[in-house]
Amino acid sequence: MAGLDFEPALAAALTRHVQGITSVGKLTRLSGGASQETFAFDAHTASGTLPLILRRAPGGSRDGGSGQGTALATEARAITAARACGVKAPEVVYVLTPQDGVGDGYVMERVEGETLARKILRDKEFDAVRPKLAYQCGQAMAQIHQADASQVPELRLVTGPQQLAEYYERYRAYDLPKPVFEMAFAWLKPRIKEPKRTVMVHGDFRHGNIMISPKTGLAAVLDWEIVHRGDPLEDLSWICINAWRFGVTGKVVGGFGDVPEMLAGYRDAGGDAYTVEDVRTWEVMGSLKWGIMCMGMYEVFRTGYDRSVERAAIGRRSSENEIDLVNLLIG
Amino acid sequence: MMDKPTLAEIITAAREFLENKAMPELTGRTAFHARVAANALAIAEREITIGPAAAEAEHARLTLLLNRHGTLEELNAALCARISSGDMDLDTPGLAEHLRLTTIDKVRIDQPNYSGLKTALAREDRGAAV
């Protein structure tokens with residue numbers, strides 16, 4: 001299959017550098033976007049088969065960690081630092097080097113579990129674990145925030161006020177005045193403060209990036225693509241925005257739990273004490289950010305970079321965030 | 001000048017083709033994109049139906065709020081400038097209500113099934129009952 005011609009190079013790298021691996025097979029592309037490609041494959045050892053994942057830069061290119069994303073080698077180091085604090089995340093098995101000829105990227109273990117919000121929120125098999133998830137997510141975020149960021153010195157620091165200013169600049173560049181967004185920016189400006197503490201932030205902690213087991217609940221935190229340093233409230237609030245509740249509006253945390261449960265898990269795992277109000281202020285920030293990202297999808301369509309109907313349609317989802325902001329700010 | 005079928009009827013026909021004829025024969029990414037395309041056409045149908053009255057009401061509210069004339073684009077840009085400068089905020093009489101009504105109309109066109117719209121409409125009903 002075209003595009004998988006790097007399998008021999010991948011096999012050579014892994015058999016040379018990872019003890020116990022004798023061969024690889026079943027390389028299958030799972031997804032690919034502008035920023036990363038993901039492949040599943042099996043590695044064979046004397047004692048059995050290891051299910052693995054390869055994440056690499058598109059087309060096997062050299063990845064500079066451009067734009068919002070983090071370089072893949074940095075992402076791998078951030079996952080390792082998080083795991084050292086007890087975070088359930090796939091173990092990084094190998095980080096590719098230029099000599100391997102596969103492109104920039106890394107290999108990690110392939111974990112089992114569900115990432116589809118609709119199943120997690122509605123299927124019977126998750127009934128038992130669903131009430132625990134908000135607490136478990138709080139614990140996981142506390143652990144992520146305890147990671148030793150000095151292990152990953154290249155992580156970019158983005159504080160709340162800085163992020164607000166950057167998003168305002170993006171919004172203004174789109175030149176599409178939206179009074180609700182303008183109001184949210186004005187409302188947030190005096191309320192989004194410098195962080196009390198600067199920590200390693202996952203940056204995209206939400207459905208799709210958390211893997212749930214019907215037996216144990218939170219099984220893995222995935223997709224560390226925009227990991228950075230910043231305010232703990234950025235992670236604590238992002239999973240609370242209405243977009244990630246998938247219709248279960250009354251359960252603020254991901255449609256499965258309440259903010260006090262999440263904050264209790266956060267504190268019990270050694271995190272700072274935050275209030276429901278702190279999270280709500282940052283929830284406004286989250287909805288605004290997602291709304292501006294939707295505007296960005298339209299921009300990608302308008303400028304001709306991606307003419308898909310999907311890109312165009314997502315542009316119209318900006319108004320979902322406008323109504324969420326109206327509900328938050330006006331009530 | 002108005003020919004038949006109307007613009008709305010033509011778009012409905014195209015959407016129904018996608019939903020009833022094309023989608024059952026498609027698989028994978030193409031089936032997914034056909035669904036997205038059908039949803040996009042449904043947005044267009046709703047905008048044709050609801051849009052003109054919504055825009056007219058928005059324009060009337062903006063004219064009153066800003067006490068000036070202009071196109072919808074000009075008035076929205078002017079409103080944004082006044083919010084940004086701090087000249088107008090949520091305590092400005094009529095502004096919160098304008099933002100609420102305008103956004104409700106937008107989402108009725110864009111994503112009528114979105115949970116946030118139900119929340120906003122439920123609050124409006126409650127407000128009206130008080």
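Here, each number is a calculation from the coordinates, and none is a lab measurement. Keep in mind it's a predicted model, so treat the numbers as computed, not measured. Cβ placement follows ideal geometry from the backbone for every residue including glycine, while neighbour counts extend to all protein chains displayed.
Sort the protein assembly as shown into rounded, prolate or oblate with this rule: let a ≥ b ≥ c be the square roots of the eigenvalues of the Cα gyration tensor; rounded if a/c is under 1.5, and if a/c is not under 1.5, prolate when a/b is larger than b/c, oblate otherwise. Prolate shape, in that a/c is at least 1.5 and a/b is the bigger ratio. Its DSSP H runs of at least 4 residues, each contributing -39,500 (n - 2.57), put the calculated 222 nm mean residue ellipticity of chain A at -12000 deg cm²/dmol, to the nearest 500.
Computed from the C-alpha gyration tensor, the three semi-axes of the ellipsoid equivalent to region A:117-329 are 27, 21, 17 Å, from longest to shortest. Taking other C-beta atoms within 10 Å as the exposure proxy, A:95, A:24, A:18 rank A:18, A:95, A:24 from fewest upward.
Relative contact order for chain A: what is it in percent, counting Cα pairs under 8 Å that are at least 6 residues apart?
Details: 612 pairs, mean separation 52.7, N = 331.
Computed value for chain A: 16 percent relative contact order.
Counting neighbouring Cβ atoms within 10 Å and putting the fewest first, the residues A:72, A:133, A:176 line up as A:176, A:72, A:133.
Report the gain in length on full extension from residue A:30 to residue A:305: 0.36 nm times residue separation, minus Cα-Cα distance, nm rounded to one decimal. Each step should come with its number before you reach the end.
On the way: separation 275, 0.36 × 275 = 99.00 nm, distance 2.27 nm.
Length gained, residue A:30 through residue A:305: 96.7 nm.
Principal-axis analysis of the Cα atoms of chain A puts helix A:276-302 at an angle of about 70° to the longest axis.
FRET efficiency for residue B:16 and residue A:165, Cβ-Cβ distance as r, R0 = 51 Å, nearest 0.05? All intermediate terms of the calculation are to be shown ahead of the outcome.
Values: r = 47 Å, r/R0 = 0.92.
So, using R0 = 51 Å, E works out to roughly 0.60.
With both labels modelled 7 Å from their Cα along Cα-to-Cβ, the residue A:4 to residue A:216 distance reads 3.0 nm.
A DSSP coil position with no more than 14 other Cβ atoms inside 10 Å describes the following GluC sites (Glu not before Pro) in region A:84-149: A:91, A:112. Angle of helix A:133-145 to the longest C-alpha principal axis of chain A, folded into 0 to 90 degrees and rounded to 10: 70°. In this simple spin-label model, placing a label point 7 Å from the Cα along the Cα-to-Cβ direction at both residue B:71 and residue A:272 gives a separation of 4.8 nm.
I need B:2, B:88, A:293 ordered by Cβ neighbour count within 10 Å, fewest first.
Numbers: B:2 5, B:88 22, A:293 16.
In order of increasing Cβ crowding within 10 Å: B:2, A:293, B:88.
Values of log10 I(q)/I(0) for region B:23-130 across q = 0.12, 0.21, 0.24 Å⁻¹ run -0.56, -1.16, -1.29, by the Debye formula with one identical scatterer at each alpha carbon and no solvent.
Distance between the 7 Å Cα→Cβ label points at residue B:121 and residue A:173: 3.7 nm.
Computed from Cα positions, the angle between helix A:160-174 and the longest principal axis of chain A comes to roughly 90 degrees.
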